[in-house]
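Trainee: Sending over a structure as C-alpha cells; questions will come in a sec.
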Amino acid sequence: MGDFKSHHTEWGYQDDNLSKAGNDKIQWAEQSNATLLYNSKDKDTSKSAHWRKEYTPGLAFVTQNKGSVQAKREVPTDFPRSQHCPTVITTGIIVPRIAGIPKPRWNFRKADSEAYKIDIDKTCQG
C-alpha cells in the first residue's frame, strides 16, 4: 500500500511527472494479473501541512485466481495528528444494504377471526 515512489497517469499524475518506477508497476500488474484499486474521485491519502497540499492516493493492487474479484477501496476522514489518511479495502462478496420502505404489515394467518368478529359486533351494536 502506498505510491511506491512511482508516478503514472493510471493513478492521477500528469504526463510530465511520469517515472520509470511507475511504468515498472504497470508492467508488474499486467504480468501478475493484478488489478489497481483506484478512483480519481477518491480523497487523497497524504497531505503536507507545510505546503498545504494533498497528494495522490495510496495504491492498492488485488490479484485473482479464477473469475473476478470484488474489491472496494474507501478513504475515510482524516486521521488525527497525521499526514496520512487511512484506506479501507473490502474484498469478497459485497452485498449492498437496501433500506426497505417502512410499511405496517399484518399476518392474517395468526389473526383470531372469530374474536375479531365478536368484538366488532359488540362495538357496532353499542
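Trainee: Suppose every K and R has +1 on its Cβ and every D and E has -1 on its Cβ; what is the size of the dipole of the chain about the Cα centre, in Debye to the nearest 20?
Mentor: 380 debye
Trainee: If each of TYR55 and LYS103 carries a label point 7 Å out from its Cα toward its Cβ, how far apart are those two points in nm?
Mentor: For TYR55 paired with LYS103, the spin-label model returns 5.4 nm.
Trainee: Taking Cα atoms, how many degrees apart are the long axis of helix 113-125 and the longest axis of the chain, rounded to 10 and kept between 0 and 90?
Mentor: Taking Cα atoms only, the helix is inclined about 60 degrees.
Trainee: Continuing with the same structure: Quick one: angle between helix 20-31 and the longest Cα principal axis of the chain, in degrees between 0 and 90, rounded to 10, please.
Mentor: That helix lies at roughly 50 degrees to the long axis.
Trainee: Another one. Taking 0.36 nm per residue of separation and subtracting the Cα-Cα distance, what length does fully extending VAL62 through ASP24 add? Could you put the intermediate results ahead of the total?
Mentor: On the way: separation 38, 0.36 × 38 = 13.68 nm, distance 1.66 nm.
Length gained, VAL62 through ASP24: 12.0 nm.
Trainee: Given ILE101, ASN23, GLN64, which one lies farthest toward the positive end of the charge dipole of the chain, if we put +1 on the Cβ of every Lys and Arg and -1 on the Cβ of every Asp and Glu?
Mentor: The one lying farthest along the dipole's positive direction is ILE101.
Trainee: Rounded to the nearest 500 deg cm²/dmol, what is the calculated helix-only ellipticity per residue at 222 nm for the chain, with -39500 (n - 2.57) per DSSP H run of length n ≥ 4?
Mentor: -6000 deg cm²/dmol
Trainee: Moving on. Order 20-32, 102-114 from most to least packed using the mean count of other Cβ atoms within 10 Å.
Mentor: In descending order of packing, they fall as 20-32, 102-114.
Trainee: I would also like to ask the following. Where does the charge balance sit around ILE120 when Lys and Arg score +1, Asp and Glu -1, over other residues with C-beta under 14 Å from its C-beta?
Mentor: Neighbourhood net charge equals -2.
Trainee: Further question: Computed from the coordinates I sent, Rg/Rh (Cα atoms, Kirkwood Rh) equals one of [x] 1.43; [y] 0.97; [z] 0.93. Tell me the label.
Mentor: [x]
We did not get these values from a lab; they are worked out from the coordinates using the rules stated. Since the structure is predicted, the reported quantities are computational estimates derived from the model, not experimental observations. Using ideal geometry, Cβ is built from the backbone for each residue, glycine included, and neighbour counts are taken over all protein chains shown.
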